[in-house]
1. With just the Cα atoms of region B:51-114, tell me how far they stretch along each of the three principal axes, in Å, largest first.
2. Take the residue pairs A:106/B:13; A:1/B:57; A:42/B:13; A:1/A:42; A:1/A:106; A:1/A:101 and return only those whose Cα atoms are more than 24 Å apart.
3. For peptide A:38-50, what's the mean number of Cβ atoms from other chains within 10 Å of each residue's Cβ?
4. Roughly how large, in nm² to one decimal, is the mean projection of the convex hull of the alpha-carbon atoms in chain B?
5. On the principal axes of its Cα set, how long, how wide and how thick is region A:50-90? Give whole Å, largest value first.
6. For chain B, what is the relative contact order in percent, using Cα pairs closer than 8 Å and at least 6 residues apart in sequence?
7. Taking 0.36 nm per intervening residue step and subtracting the Cα-Cα distance, what contour gain separates residue A:46 from residue A:111 on full extension?
8. Select from region B:65-114 all residues whose loss of accessible area on going from the chain by itself to the full protein assembly reaches 50 Å² or more (probe 1.4 Å).
Amino acid sequence: KQEVTQIPAALSVPEGENLVLNCSFTDSAIYNLQWFRQDPGKGLTSLLLIQSSQREQTSGRLNASLDKSSGRSTLYIAASQPGDSATYLCAVGLSGGSNYKLTFGKGTLLTVNP
Amino acid sequence: KAGVTQTPRYLIKTRGQQVTLSCSPISGHRSVSWYQQTPGQGLQFLFEYFSETQRNKGNFPGRFSGRQFSNSRSEMNVSTLELGDSALYLCASSSTGNTYNEQFFGPGTRLTVL
């Protein structure tokens, strides 16, 4: 059974700092990995999707990496801003054709202080 | 292009009642998945529909059911509500059912069972 762990559970940083969020998964037979952002009481906003054949993806100040062999992914946020404050969720897409589904970690609650 | 929409946004029910939640995917998306989010368990996969057929199901009791219509809109039904069913219910759509594309989530329906 795939398990996804995110460390740390919570992180507080001053504005302008670069930071890294970590995600680990137990089964390396994944199809892809997706990072989401969730604001309080809201739905999920997709940030980055990395296919299993890729090593990283970038979007603006965000960079996500994937190392399937070690079961790890990181989300790097450059020059953090107060508007980045949210819960960041890592989700692993399992292979299996029509059995595809996302398995989520519990998330990292990020607070960026002005 | 409009995003994933869910109705209603908030619901209050009492134990023993039943409830139906609705999800309209992004235009052209044929796959709709449902997830339950609670503080204790995080995000858990309920089921996925593609072309009006349930293709995948998570580990939830039979009280949780769903269906998909020919226009790809999906409904989820929970019968005989229990206090533990209080949660944020999220649906996600993706563009095809055979490739592992990016999942786009709606804002969710907040269900409170009293």
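1. 39, 23, 22
2. A:106/B:13; A:1/A:42, as the Cα separations exceed 24 Å there.
3. Values: counts 6, 0, 0, 5, 5, 14, 12, 3, 5, 0, 1, 4, 0.
Per residue, the number of nearby Cβ atoms from other chains is 4 on average.
4. Working: hull surface 26.4 nm².
For chain B, averaging the hull's shadow over all directions gives 6.6 nm².
5. 34, 18, 13
6. Reported as a whole number, the value is 36 percent.
7. Details: separation 65, 0.36 × 65 = 23.40 nm, distance 1.88 nm.
Once the chain is fully extended between residue A:46 and residue A:111, it gains 21.5 nm.
8. SASA drop of 50 Å² or more in region B:65-114: B:100, B:102, B:103, B:105.
The values are calculated or read from the model by the stated rules, or taken from the named source; none is laboratory data. Predicted model, so just to flag it, every value in this text is computed and none were measured. Neighbour counts are summed over all protein chains in view; Cβ atoms, including those assigned to glycine, are modelled from backbone coordinates with ideal geometry. Calculation scope for accessible area: heavy atoms of the full protein, side chains included, ligands and nucleic acids excluded. Shrake-Rupley method; radii C 1.70, N 1.55, O 1.52, S 1.80 Å.
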